[in-house]
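Everything on this sheet refers to the single structure shown next.
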Amino acid sequence: MFEQEHLDAIIYGEGPEWETPGYVRDAVHQGRRKALIVLGHAESEEPGMRYLAEWLGLQFPDVPIHFIQETPLFQVV
C-alpha cells in the first residue's frame, strides 16, 4: 500500500505485525521517509462501540445500555 498509493504514513488499528512494521523499519534504515502509527485493536474500535451504545439506546429506550470504557492495556511514551 505504501508504494501503490505513494504514502508517507499509515495509521491503522491492528494488522499483521510481521509485515508492515518490518517494511517501515527497513525503509527508514534505507533513508526513506515512512511512518506507521498503530492504535491497537481495542483503541481503534472504541469510537464505534461508543456510537453503537448510543444508537442502541435510541432504538431500545426501555433497555439499559451502557458503554464501558476500557483502560488501555499498554502505554508507550
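Please treat every number below as a calculation from the coordinates, not as lab data. Just so we're clear, the structure is a prediction, and the values are computed from it rather than from any experiment. Cβ atoms come from the backbone with ideal geometry, glycine included; neighbour counts cover every protein chain shown.
I'm checking my understanding of the structure. Among residues of segment 1-35 that are of a type in the set (Val, Ile, Thr) and not in a strand (DSSP E or B), which one is farthest from PRO47 (Cα to Cα)?
Looking at residues that are of a type in the set (Val, Ile, Thr) and not in a strand (DSSP E or B), I get VAL28.
Quick test of your reading of the structure: LEU36 fulfils all but one of (1) in contact with a Ser or Thr (Cβ under 7 Å, 6 or more places away or on another chain); (2) loosely packed, with under 13 Cβ neighbours inside 10 Å; (3) not aromatic (Phe, Trp, Tyr). Name the failing condition by number.
So the condition that LEU36 fails would be (2).
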